[in-house]
Amino acid sequence: MGTITFISPDGESRSIRIKHGTSIMEAAIAADIPGIEAQCYGAGVCGTCHVFAEPPMRSELPDPTEWETEMLSGVPLAGEGSRLSCQIPFEDRFDGAVFRVPERQDAIG
Ligand code: FES
């Protein structure tokens, strides 16, 4: 169990509790975090769970797979720290991680 924080585009931040093994996206959806749409609910094909992982925890997260990297190349507003939140299962060592929600989500494809 741990705590992660989402920062919305207007700067509002919200911290939520998350269990080991739950994806960042699942926790965001369960907590009604605005701006996380997750249209494919974790299949990794829509891109609408896009977040920016913030330092310092960014470098502790597992590297994106080739698939995630490819999908991110089609995500609008992708940039430094971009991740698909459905592809990151929470581990206790990620306690305190911060994710910024992009200004908009558009489904890939
Ligand atoms: Fe669709 Fe993550 S929920 S790519």
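The values are calculated or read from the model by the stated rules, or taken from the named source; none is laboratory data. Just so it is clear, the structure is predicted and the values come from calculations on it, not from any experiment. Methodologically, a virtual Cβ is constructed for each residue, glycine included, from the backbone with ideal geometry; neighbour enumeration extends over all protein chains shown. Each accessible area value is taken on the protein alone, full model and side chains, heavy atoms only, with ligands, DNA and RNA left out. Shrake-Rupley method; radii C 1.70, N 1.55, O 1.52, S 1.80 Å.
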Item checked: Failed criterion for Trp67 (all others in (1) open to solvent by 80 Å² or more (accessible area, probe 1.4 Å); (2) part of a loop (DSSP other than H, G, I, E, B); (3) touching a residue at least 12 places away in the same chain (Cβ under 8 Å) hold) -> (2)
Next item on the list: Out of the residues in the stretch 1-43 that are among the charged types (D, E, K, R) and free of Cβ contacts under 8 Å to residues at least 60 places away in the same chain, state the one that is nearest to Leu61 (Cα to Cα).
Entry: Arg17
Next item on the list: Output the residue which, of all residues in the stretch 38-64 that are open to solvent by 40 Å² or more (accessible area, probe 1.4 Å) and among the small types (Gly, Ala, Ser), is farthest from Ala27 (Cα to Cα).
Entry: Ser59
Note to self: If I filter the stretch 18-30 for residues that are under 16 Å from Phe90 (Cα atoms), part of a loop (DSSP other than H, G, I, E, B), touching a Lys or Arg at 6+ places or on another chain (Cβ under 6 Å) and open to solvent by 30 Å² or more (accessible area, probe 1.4 Å), do I get at least one hit?
What the structure shows: no
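Within the stretch 39-51, can one find any residue that is within 16 Å of the ligand (Cβ to nearest atom), in a helix (DSSP H, G or I) and closer than 18 Å to Arg104 by Cβ?
Taking the stretch 39-51 first, the residues within 16 Å of the ligand (Cβ to nearest atom) are 39-51.
Narrowing the set further to residues that are in a helix (DSSP H, G or I) leaves none.
Within the stretch 39-51, not a single residue is within 16 Å of the ligand (Cβ to nearest atom), in a helix (DSSP H, G or I) and closer than 18 Å to Arg104 by Cβ.
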Margin query: Cβ contacts < 6 Å: first residue of a type in the set (A, V, I, L, M, F, W, C), restricted to the stretch 44-64; second residue at pLDDT 95 or above and open to solvent by 30 Å² or more (accessible area, probe 1.4 Å), any location; separation 6+ or different chain. Result?
Written below: Cys46/Gln39; Cys46/Cys40; Phe52/Arg100
Next item on the list: For the stretch 43-58, indicate whether the set of residues that are under 13 Å from the mean Cα position of the chain (by Cα) and of a type in the set (Ser, Thr, Tyr) is non-empty.
Entry: yes
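Return the only residue of Gly35, Gly2 being open to solvent by less than 50 Å² (accessible area, probe 1.4 Å), more than 9 Å from the ligand (Cβ to nearest atom) and over 14 Å from the mean Cα position of the chain (by Cα).
Values: Gly35 fails: over 14 Å from the mean Cα position of the chain (by Cα).
Unique residue meeting the criteria: Gly2.
Could you please give the count of residues in the stretch 82-94 that are open to solvent by 10 Å² or more (accessible area, probe 1.4 Å) and either within 16 Å of the ligand (Cβ to nearest atom) or of a type in the set (A, V, I, L, M) (or both)?
5
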Notebook entry, point to check: So Phe99 clears everything in (1) touching a residue at least 12 places away in the same chain (Cβ under 8 Å); (2) part of a helix (DSSP H, G or I); (3) not small (Gly, Ala, Ser) except one condition, right? Which one?
Noted result: (2)
